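Here's the structure, in structure tokens; my notes come after.
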Amino acid sequence: MSLLELENVTLRFGGVTAVNKVSFNVEEGEVFALVGPNGAGKSTIFNLISRIYNPVEGDIRFDGKSILQTPPHQIARLGIARTFQNIELFEQATVMQNLLVGRHRHRQSNMWTELGFTPFVRAEERRHREAIEKVIDFLDLQAYRDKYIAGLPYGVRKVVEMGRALAIEPRLLLLDEPASGLSVEETQDVAFWVEDIKKQMGVTVLMVEHDMHLVSAVSDRVLALADGKMLSLGTPHEVQNDPKVIEAYIGV
Ligand code: ADP
Ligand code: MG
């Protein structure tokens with residue numbers, strides 16, 4: 001069974017079919033990339049998986065079960081985390097605080113926490129901090145933990161944004177253009193993080209990315225889209241050499 005399955009998914013905005021009968025599966029443990037020119041439907045697919053939009057046709061399954069009845073705020077609880085192309089961090093808070101807030105938003109609240117039942121809350125707090133310490137170590141953020149986001153270089157913020165998503169200990173991580181705006185060296189670092197996220201953390205990754213070097217370096221499989229439609233699905237090598245993909249990129 002695949003971890004994520006999109007079956008014949010369609011979404012329209014007025015007269016524009018942003019996603020047109022798209023089907024693909026992401027297997028547990030793989031890095032899967034979505035590529036394609038602007039307007040291809042990549043971000044819309046992320047928004048469909050995050051349940052921000054409802055498809056007009058098709059099904060989306062996570063771990064074998066349809067998520068079409070799951071409200072957006074429960075998606076993280078299922079084990080799906082995402083980053084945003086435009087970093088969404090609290091500027092006037094520290095790295096540590098941002099990671100904590102990210103986690104608290106998705107905590108399992110119940111009667112005991114609502115009533116402030118202290119031993120339970122303390123145990124939960126300890127669990128949050130442990131999960132965050134793990135992410136800080138993993139992403140090498142020790143030097144930045146108490147620094148304010150506003151004062152950090154863009155490249156570090158991108159890593160914190162990834163950390164915010166990893167802190168909720170997802171099974172599936174959606175990365176929206178993790179290398180956009182980064183230097184060649186920083187992009188190389190992102191490639192290492194993605195490999196480690198897959199190999200060491202055992203997290204499955206679905207990413208949207210324009211940098212084809214990064215895509216080729218880290219992806220097991222790639223789906224190229226154009227105008228909401230599937231163009232080509234295969235290994236990075238197969239997709240990059242597919243005449244349909246070359247044509248879409250050159251723009252005839
Ligand atoms: P990509 O991320 O691949 O660049 P998008 O998924 O953002 O593409 O957009 C796919 C198509 O859907 C585009 O034609 C875009 O203009 C349209 N679109 C995306 N979001 C909206 C929206 N909220 N309202 C109307 N049209 C939208
Ligand atoms: Mg986009």
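None of the figures in this text is laboratory data; all of them are computed from the coordinates on show. No experiment lies behind these values; they were computed from the predicted model shown. Using ideal geometry, Cβ is built from the backbone for each residue, glycine included, and neighbour counts are taken over all protein chains shown.
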Percent antiparallel among DSSP beta bridges confined to the chain, rounded to 5, stands at 55
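What net charge do the residues around Ile149 carry, taking every other residue with its C-beta under 14 Å from that of Ile149, with Lys and Arg at +1 and Asp and Glu at -1?
Numbers: positive: Arg145, Lys147, Arg157, Lys158, Arg164; negative: Glu88, Glu91, Asp146, Glu161.
Result for the local shell: +1.
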A correct fewest-to-most ranking of Met96, Met207 by other Cβ atoms within 10 Å would be Met96, Met207
With only helices counted (DSSP H, runs n ≥ 4, each -39500 (n - 2.57)), the per-residue ellipticity at 222 nm for the chain, to the nearest 500, works out to -11000 deg cm²/dmol
Under the rule rounded for a/c under 1.5, else prolate if a/b exceeds b/c, else oblate, using alpha carbon gyration tensor axes a ≥ b ≥ c, the stretch 1-75 is classed as oblate
As straight-line cross-link partners of Lys65, the qualifying lysines (C-alpha separation under 27 Å, not fewer than 8 residues apart within one chain) are Lys21, Lys42, Lys198, Lys199, Lys229
Residues whose modelled amide H sits under 5 Å from the amide H of Glu30, counting only those 5 or more places away in sequence or on another chain, are Val205
Counting only residues 5 or more apart in sequence or on a different chain, those whose built amide H sits under 5 Å from that of Leu68 are Ile60
